[in-house]
1. Where in segment A:3-103 are there helices (runs of 4 or more DSSP H), lying fully within it, with 2 or more residues that are within 14 Å of chain B (Cβ to nearest Cβ), surrounded by fewer than 14 Cβ atoms within 10 Å (Cβ to Cβ) and not acidic (Asp, Glu)?
2. Somewhere in segment B:615-622, is a residue closer than 30 Å to B:Ile178 by Cβ, away from every other protein chain (no Cβ under 14 Å) and of a type in the set (S, T, N, Q)?
3. How do the pairs read when you match residues in segment A:88-100 that are touching a residue at least 40 places away in the same chain (Cβ under 8 Å) and within 20 Å of A:Phe25 (Cβ to Cβ) with residues anywhere that are among the polar types (S, T, N, Q) and surrounded by 11 or more Cβ atoms within 10 Å (Cβ to Cβ), using Cβ under 6 Å and keeping only pairs 6 or more apart or on different chains?
4. Do the conditions hold for B:Ile627, that is, is it β-branched (Val, Ile, Thr), within 14 Å of chain A (Cβ to nearest Cβ) and over 57 Å from the mean Cα position of the chain (by Cα)?
5. Could you list, in sequence order, the residues of segment B:369-427 that are of a type in the set (Gly, Ala, Ser), out of contact with any His (no Cβ under 7 Å at 6 or more places or on another chain) and not in a loop (DSSP other than H, G, I, E, B)?
6. Keeping to segment B:630-645, report how many residues are under 21 Å from A:Asn30 (Cβ atoms) and either more than 7 Å from chain A (Cβ to nearest Cβ) or surrounded by 13 or more Cβ atoms within 10 Å (Cβ to Cβ) (or both).
7. Among the listed residues B:Ala295, B:Ala315, B:Ala290, which satisfies the condition of being at pLDDT 90 or above, in contact with a Gly (Cβ under 6 Å, 6 or more places away or on another chain) and small (Gly, Ala, Ser)?
8. Among the residues that make up segment B:258-272, is at least one of them touching a Gly at 6+ places or on another chain (Cβ under 6 Å) and farther than 21 Å from B:Glu150 by Cβ?
Amino acid sequence: MSAQVPIAAYLILAAVLFSIGVAAFLIKRNLITIFMSIELMLNAVNLTFVAFAHMWHQVSGQIFVFFVMVVAAAEAAVGLAIIIAIFRTRQTLNVDQIDLMKL
Amino acid sequence: MSPMPSSYLWLIPLLPFAGFLINGTLGRKLPRAAVTAVALLFTAIPAAIVAWLWITMKAAGAPEVIGVISQPWITITGFQVDFAFTVDHLTLIMLGVVTGVGFLIHLYSAGYMAHEEGYWRFFAYLNLFMFFMLVLVLAESFLLLFVGWEGVGLASYLLIGFYFKKDSAANAGKKAFIVNRIGDFGFLLAMFLLVEHFGNLNFTEVFSAISANPDWHGGILTAIALLLVLGAAGKSAQIPLYVWLPDAMEGPTPVSALIHAATMVTAGIYMVARCHVLFDRSPYALGVVAVIGAATAIFAASIGMVQHDIKRVLAYSTVSQLGYMFLACGVGAYAAGIFHLLTHAFFKALLFLAAGSVIHALSGEQDMRRMGGLRKRIPITFWTMSAGVFAIAGIWPFAGFFSKDEILYRTFTSDDPIGKLLWAVGLITAGMTSFYMFRLWFKTFFGPEKFKTADKDEHGHAAHGVHESPWIMLFPLVVLAILSVIGGWVGIPAALGGHNEIEHFLDPVFANASTAEAATVVVSHGLELTLAAISLLTAGIGFFFAYVFYYSKRGTANAIAHKSKPLYNLLANKFYVDEIYNTFIVTPLLMFTRLILELLVENGVVGGSGQAAGASAKGIGSLTRRIQSGNIRSYAGWLAFGAAAVLLVMIFGRSLWTR
């Protein structure tokens with residue numbers, strides 16, 4: 001690789017991905033889509049970790065990414081199970097209708 | 001060495017206070033006998049201690065101050081007031097009166113109040129009064145005296161309003177308290193001036209500071225003295241603050257005897273006498289005291305002549321006699337004033353208690369127009385009351401003769417420019433006193449029986465005919481009657497072959513004052529005898545008129561009253577003083593309170609600020625509660641918005657605070 005991609009490019013990409021994630025998290029009503037937007041935000045963060053790890057030539061950033069991925073995988077497993085359970089009982093995944101906890 | 005009595009001083013006021021605590025907290029549950037025992041015991045022991053003090057003091061000769069106990073009370077840089085009790089000869093006389101007469105009246109009350117509701121409450125208040133009164137006379141500083149002063153006012157308020165279900169009693173209590181407050185205001189200002197100019201409130205220090213500077217005259221001392229006079233006029237019911245005392249008769253009769261005749265109302269005279277060092281330096285203030293005293297004496301006596309309520313006659317007579325004591329203090333004859341205080345305590349307590357016995361016998365009747373002929377029905381009350389009537393009328397050799405005569409003599413010989421005028425006023429008052437007292441005597445005990453046998457009474461006990469009181473009530477009457485006869489013999493002047501012991505007894509206290517008088521004492525025994533004869537003659541004239549009007553030619557009084565209708569009405573309506581006060585002071589004050597204080601300050605400022613605080617909280621709440629929607633996504637949105645804001649501030653905002 002001859003031409004270095006500047007760090008700013010990675011960061012801007014990560015920021016864009018993160019913002020999309022936030023926006024989707026706030027706007028979308030389907031629980032699975034919200035779940036996916038969380039994954040998107042996590043991966044945006046992963047991207048910055050990797051970019052900085054590359055920039056500083058340190059592996060700790062990459063190790064963090066692995067941890068994040070492990071957590072995300074665990075979360076996906078548990079989260080999807082919960083989603084299925086909710087769908088079975090409520091016959092819907094619209095978050096506006098799953099608000100029994102609302103005061 | 002045998003224990004000094006002074007180490008037991010603190011017991012004197014503290015025991016009645018313990019009695020108050022016991023009866024006040026447990027009294028409701030205790031049987032009446034226990035309440036009586038507590039109340040009597042806790043006043044008898046102080047009386048015994050005082051008697052012991054007296055004996056010790058006699059044995060020890062005549063030291064100026066017998067005992068002091070003292071603890072620092074309030075200490076600020078450059079200013080200290082001690083919690084100090086002291087006993088000198090003046091205090092000893094007061095202690096004797098308060099504990100002795102106080103105990104007798106407690107005894108009497110046990111009989112008089114036997115059937116009343118709130119028996120325990122009555123004795124608790126009575127003991128509370130004893131406590132404060134003893135603090136008042138024992139106090140060694142203006143501040144502690146003021147504590148007692150306020151305390152007796154409180155006890156007086158509670159006891160006047162003892163029958164608090166009766167509107168008139170509750171109002172009388174309030175009136176007494178509020179009128180006294182005006183006087184207390186003067187007392188407070190006087191204390192402020194004392195602190196300002198002496199940096200001290202202890203009697204010893206203030207008085208020695210004055211004694212050490214013989215060139216201090218008038219000026220600030222006059223101001224302090226006049227403010228103290230205002231305080232004394234409130235407590236001792238002098239013009240213009242006397243109006244509360246006649247109304248105070250709404251209280252039970254023993255209270256009238258103890259508080260509103262024998263002890264509390266003499267606190268003003270005691271205070272003036274106690275501060276004689278101060279008053280001696282201010283001839284102007286002394287003049288004011290003398291004029292107030294003489295004016296009050298004749299004013300109250302003239303009202304007393306036409307009252308029909310037996311207790312009201314005695315009330316106005318008390319005001320009038322207090323005027324005599326003021327007059328005595330005003331002409332510098334403090335010892336004579338205290339002498340009259342002593343004898344007055346005996347015969348006025350006796351008169352009130354005997355009147356109480358009459359009222360008791362008639363099951364609550366107080367109107368003299370419905371009495372008469374009681375001489376045979378209640379002989380012991382009659383004889384004891386006669387002793388009191390003769391004493392107050394100034395008939396030789398009863399107690400009142402010597403003390404009143406001493407005051408008149410001292411007034412006549414004083415170097416006060418209007419001394420002769422004051423003497424004439426005092427003399428006329430003496431005649432009037434004799435008249436209204438014998439009027440009371442004749443109307444109550446002689447003539448046809450006008451009372452009707454009560455079938456129902458306000459007094460609480462079963463209806464029975466006119467009856468003599470039980471012995472527990474008669475015993476104090478007899479003791480006080482004896483004292484009313486012989487009490488004056490401690491002050492028989494040299495002109496009548498006595499030694500005027502009381503004056504020599506008080507010499508250590510009034511040493512400064514009596515040096516000036518020493519010159520006049522020598523003047524002539526002839527003059528004193530002449531004056532005594534004149535006042536005896538005046539008393540005789542009073543008796544004669546009362547005899548004619550109310551005994552031999554009944555109806556004469558009514559005819560005269562009818563003929564001089566305007567004058568009679570003026571007197572019967574007490575010179576309309578209550579009405580004048582109502583129109584010019586009470587009503588405007590109430591208007592001011594209702595319009596300015598209630599509408600503007602209470603509803604506007606005080607209530608308004610509360611309302612405004614509530615409304616603003618509500619308004620802000622109604623705005624911000626929209627945020628708390630319960631919609632999880634809006635919370636997440638706020639979270640993201642907040643995080644973004646923090647981020648923006650951290651990135652771009654740095655330039656704002658780092659230059």
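The values are calculated or read from the model by the stated rules, or taken from the named source; none is laboratory data. What you are looking at is a predicted structure, and each value in this text was computed from that prediction instead of being measured. With ideal geometry, Cβ positions are generated from the backbone for all residues, glycine too; neighbour counts draw on all protein chains shown.
1. Correct list: A:7-27.
2. No.
3. The qualifying pairs are A:Leu93/A:Asn30.
4. It is true that B:Ile627 is β-branched (Val, Ile, Thr), within 14 Å of chain A (Cβ to nearest Cβ) and over 57 Å from the mean Cα position of the chain (by Cα).
5. B:Ser386, B:Ala387, B:Gly388, B:Ala391, B:Ala393, B:Ala399, B:Gly400, B:Gly419, B:Ala424, B:Gly426
6. 9
7. Unique residue meeting the criteria: B:Ala290.
8. Within segment B:258-272 (the criterion being touching a Gly at 6+ places or on another chain (Cβ under 6 Å) and farther than 21 Å from B:Glu150 by Cβ), the answer is no, since none of the residues qualifies.
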